[in-house]
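Novice: Please read through the structure below; I'll follow up with questions.
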Amino acid sequence: MKMRIFVPRDAAAIAVGADEVATALEQVAAQRGLSIEIIRTGSRGLCWLEPMVEVATLKGRVAYGPVGPEDVASVFESMASNGSHPLQLGAADEIPWLKRQTRLTFARCGVIDPRSLDDYRTHGGYKGLARALSLGSDAILNEVTASGLRGRGGAGFPTGIKWKTVAQAKADRKFIVCNADEGDSGTFADRMIMEGDPFLVIEGMTTAGITVGATKGYIYIRSEYPHAVEAMNAAIAAAKRGGYLGDNIGGSSYSFDLEVRVGAGAYVCGEETSLLESLEGRRGLVRAKPPLPAHYGLFGKPTVINNVLSFAAIPFILAEGAKAYADFGMGRSRGTMPIQLAGNIRQGGLFETAFGVTLGELVDDIGGGTATGRPIRAVQVGGPLGAYFPRALFDTPFDYEAFAARDGLIGHGGIVVFDDSVDMRKQARFAMEFCAIESCGKCTPCRIGSTRGVETIEKIINGERVGENLALVEDLCNTMKFGSLCALGGFTPYPVLSALKHFREDFAPVPTTLQAAE
Amino acid sequence: MTAVYEPRYERWDETRGAEIIAEHSKQEGATLVILHALQAAFGYVPEAAVPMVAQALNLSRAEVHGVFTFYHDFRHKPAGRHVLKLCRAEACQAAGGDALAARAEAKLGVSLGSTTADDRVTLEPIYCLGLCATAPSAMFDGRLIGRLDERRIDALVAEAQR
């Protein structure tokens, strides 16, 4: 029997040698005169075990990891003989880190071949769209609203309400736009799903198109993600060939087409109105709201603009029903969140789970503490605009409102762990510096405030009139928070103020004698 | 993949430039698409191309110049023969990226954002490659590298200088 071996083609796996492992496997098999089939999948998200290689057996897929090219010969021997191996992880589906997750969105990621429409359909793909086509617009809107799904980009706006607004708008053309400008450090869920299960994103966007009466969609992917661009383009071509994009989708009377557009290295284009400007071919200047994109969006037309993960949640909701999704979660945060554990962490990767899990469980228990083995000192949740939380706040449950109540945000679900060697003055300074580099320049608090913020924090670092300058930074943060046009200037104060509040000792005035010794 | 930083590019040629522009100018909102295509072909966006793009899209030259300068990706002159991008965002900072960036700067004798005098290597910061659980990370001539450490940085620098 031909051996079937699965090797991820996810960018994170490739970055640690997955391509070399695939080549070595082919060579070893050829040397032994054995015929094998290598299937390149997405990643299961256990990043510390990448490259994680799996072999199909009568008892399901058995995993090995992390496999380096030098391990391939012995791993192959173990696969061929069912023998034991130090890198063997047992049945892939039984790995505890995977088993304790609730994978609704990422159910197929790492399992199927992302280039194969057949594989997608065999694993339940396009079931949601089939039901959507039978339901019609109003019933779909009811399902999406009842699921409680909120925008996964970070703002948490109810998806059903957004879609309904566009559905009710009258216009000659409407658009569906997928925000795949995942620029937050510590986040990679959009990238993983686009590379590992791209048809899911297409299905979600197609469903949106049918619901609101749009026939054209764009996926705006950042240029830092070349593998995701390639995966989405390949999937779009396959979906067109299979009759799932273009005219008469799935044999219905609906038409929907998709196009990938690539960003050009501007973080601010992750802000939805800036993204729309960029799609129109202009500088990514933020637009004032209102009007909302739902009324006046791409090329001035009513537009649904959602994050990749929002669209990716739709097929499950349609296939299994709103209640199946809403049964997970807490409070007003319903369903699951693909959480990303990153930075200095022992077991980093993608962990999809129902809302409500605490920050401490995530970083200590699931993440296993730091990679360096030193104590965790700070955790930044929600990207460069998210707050730094100390251990004292590790009881915070993962929930939009719970984080907001503690002056933080969950954003796009990225968690970056720092050990006790972190200098919080440096992190506060970087938050301002990043804002200064990436500001679109339209509003003054963000454009000027961020530069003044860098300068003032530098003065604090240098021990210049520390008390006065700390007060100045706090004042400046308030101006930026309440006076900026979008979340870039408006949220940069979160990391800065949280660093000041929770890690005040780092900002304490240093006696002159000590300063000279430094 | 990664056509953007292929070491060999076409030499700028007006006819070829016009061809590339014409190929994409019918798309709605084509400015970024065209600038990307020009840079993929020539390795940078030649100044002479800016008024051509403006004319093709019925925009002012200032508008196209504005777009070209707004986005970090577009180059006004060719990069070095190799491009080494080091992620400088928080997840990579947490995993020891600061020291590795300083090491690369010292080895190459340039600071982030500049090119060595012999035009061999351009060293640039990048803000997140989405490899945050296998940090620190880098991109070398379009190739992704995760779990960077001193040994790997030294190997990359040596490869770049070859």
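The values are calculated or read from the model by the stated rules, or taken from the named source; none is laboratory data. Predicted model only: the values in this text are computed from it and were never measured. FYI the Cβ positions are ideal-geometry reconstructions off the backbone, even for glycines, and counts take in every protein chain you see. We work out accessible area using only protein heavy atoms, side chains counted, and drop any ligands, DNA or RNA first. Shrake-Rupley method; radii C 1.70, N 1.55, O 1.52, S 1.80 Å.
To keep it simple, each residue is scored yes or no on (1) under 25 Å from the mean Cα position of the chain (by Cα); (2) of a type in the set (S, T, N, Q).
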site	(1), (2)
A:S84	no, yes
A:L87	no, no
A:W97	yes, no
A:A130	no, no
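Novice: Considering only residues of the range A:349-365 that are out of contact with any Phe, Trp or Tyr (no Cβ under 6 Å at 6 or more places or on another chain) and under 21 Å from A:D190 (Cβ atoms), which is nearest to the other protein chains (Cβ to nearest Cβ)? It would help to see each step written out before you state the result.
Specialist: To start, the set of residues in the range A:349-365 that are out of contact with any Phe, Trp or Tyr (no Cβ under 6 Å at 6 or more places or on another chain) comprises A:349-351, A:353, A:356, A:358, A:361-365.
From the residues that got through so far, the ones that are under 21 Å from A:D190 (Cβ atoms) too are A:349-351, A:353, A:362.
On the way: A:G349: 5, A:L350: 8, A:F351: 10, A:T353: 16, A:L362: 13 Å.
Per the stated criteria, the residue is A:G349.
Each row is one residue, and each column tells you yes or no for (1) modelled with pLDDT under 95; (2) within 14 Å of another protein chain (Cβ to nearest Cβ).
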residue: A:G153; (1), (2): yes, no
residue: A:C178; (1), (2): no, no
residue: A:E195; (1), (2): no, yes
residue: A:L200; (1), (2): no, no
residue: A:G204; (1), (2): no, no
residue: A:G217; (1), (2): no, yes
residue: A:I221; (1), (2): no, yes
residue: A:N233; (1), (2): no, yes
residue: A:K240; (1), (2): no, no
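Novice: Consider A:C477 against the criteria (1) open to solvent by less than 20 Å² (accessible area, probe 1.4 Å); (2) in contact (Cβ under 8 Å) with a residue 40 or more places away in the chain; (3) under 31 Å from the mean Cα position of the chain (by Cα): it satisfies all of them except one. Which criterion is unmet?
Specialist: With respect to (1) open to solvent by less than 20 Å² (accessible area, probe 1.4 Å); (2) in contact (Cβ under 8 Å) with a residue 40 or more places away in the chain; (3) under 31 Å from the mean Cα position of the chain (by Cα), A:C477 is out only on (2).
Novice: Could you tell me which residue of the range B:124-154 is least open to solvent (accessible area, probe 1.4 Å), considering only residues that are free of Cβ contacts under 8 Å to residues at least 40 places away in the same chain and more than 7 Å from chain A (Cβ to nearest Cβ)?
Specialist: Checked the range B:124-154; the qualifying residue least open to solvent (accessible area, probe 1.4 Å) is B:R152.
Novice: Would you confirm whether or not the range A:481-493 contains a residue that is assigned to a helix (DSSP H, G or I), over 28 Å from A:A392 (Cα atoms), open to solvent by 20 Å² or more (accessible area, probe 1.4 Å) and of a type outside the set (F, W, Y)? Give the derivation first.
Specialist: We begin by selecting, within the range A:481-493, every residue assigned to a helix (DSSP H, G or I); these are A:481-483, A:487-491, A:493.
Cutting the leftovers down to over 28 Å from A:A392 (Cα atoms) gives us A:483.
Then drop every residue that is not open to solvent by 20 Å² or more (accessible area, probe 1.4 Å), which leaves A:483.
Applying the additional criterion that residues be of a type outside the set (F, W, Y) yields A:483.
Scanning the range A:481-493, I find at least one residue that is assigned to a helix (DSSP H, G or I), over 28 Å from A:A392 (Cα atoms), open to solvent by 20 Å² or more (accessible area, probe 1.4 Å) and of a type outside the set (F, W, Y), so the answer is yes.
Novice: With the requirement that a residue be open to solvent by less than 40 Å² (accessible area, probe 1.4 Å), farther than 18 Å from A:F106 by Cα and charged (D, E, K, R), what does the range A:37-71 give you?
Specialist: A:D71
Novice: Give me the pairs, please: first residue somewhere in the range A:17-35 and more than 22 Å from B:R147 (Cα to Cα), second residue anywhere and surrounded by 15 or more Cβ atoms within 10 Å (Cβ to Cβ) and among the aromatic types (F, W, Y), beta-carbon distance under 6 Å, and either six or more positions apart or on two chains.
Specialist: From residues that are more than 22 Å from B:R147 (Cα to Cα), the pairs are A:V28/A:F76.
Novice: What are the residue pairs meeting all of these: first residue in the range A:407-425, first residue more than 9 Å from chain B (Cβ to nearest Cβ), second residue surrounded by 21 or more Cβ atoms within 10 Å (Cβ to Cβ) and of a type in the set (D, E), Cβ atoms under 7 Å, and 6 or more apart or on different chains?
Specialist: Short answer, once both residue conditions are applied: A:G411/A:D184; A:H412/A:E182; A:H412/A:D184.
Novice: Could you list, in sequence order, all residues of the range B:62-112 that are buried (at least 18 other Cβ atoms within 10 Å of the Cβ), within 21 Å of B:D149 (Cβ to Cβ) and within 11 Å of chain A (Cβ to nearest Cβ)?
Specialist: Selection gives B:K85, B:C87, B:R88, B:A89, B:E90, B:A91, B:C92, B:Q93, B:A94, B:A95, B:G96, B:G97.
Novice: Give the residues of the range A:1-36 that are surrounded by 23 or more Cβ atoms within 10 Å (Cβ to Cβ) and over 30 Å from the mean Cα position of the chain (by Cα), sorted by residue number.
Specialist: The answer is A:L25, and nothing else.
Novice: Continuing with this model, one more query. B:I20 fails exactly one of the following numbered conditions: (1) outside any helix (DSSP H, G or I); (2) crowded, with 17+ Cβ neighbours inside 10 Å. What is the number of that condition?
Specialist: In the conditions (1) outside any helix (DSSP H, G or I); (2) crowded, with 17+ Cβ neighbours inside 10 Å, B:I20 misses (1) alone.
Novice: Out of all the residues in the range A:445-452, is one or more within 11 Å of chain B (Cβ to nearest Cβ), in a helix (DSSP H, G or I) and either under 15 Å from A:V379 (Cα atoms) or hydroxyl-bearing (S, T, Y) (or both)? Quick ask: steps written out before the conclusion?
Specialist: Taking the range A:445-452 and keeping what is within 11 Å of chain B (Cβ to nearest Cβ), we get none.
The answer is no; no qualifying residue exists.
Novice: Continuing with the same structure: Can you spot a residue in the range A:404-416 that is assigned to a helix (DSSP H, G or I) and surrounded by fewer than 16 Cβ atoms within 10 Å (Cβ to Cβ)?
Specialist: Applying the first criterion (assigned to a helix (DSSP H, G or I)) to the range A:404-416 yields A:404-405.
This time we only want the ones that are surrounded by fewer than 16 Cβ atoms within 10 Å (Cβ to Cβ), so: A:404-405.
The answer is yes, given that some residue of the range A:404-416 is assigned to a helix (DSSP H, G or I) and surrounded by fewer than 16 Cβ atoms within 10 Å (Cβ to Cβ).
Novice: Follow-up question, since we're still on this one. Would you pick out the residues in the range A:1-59 that are within 14 Å of another protein chain (Cβ to nearest Cβ) and at positive phi?
Specialist: Initially, the range A:1-59 is screened for residues within 14 Å of another protein chain (Cβ to nearest Cβ), giving A:8-21, A:40, A:42-52.
Within the range A:1-59, A:G17, A:G45 qualify.
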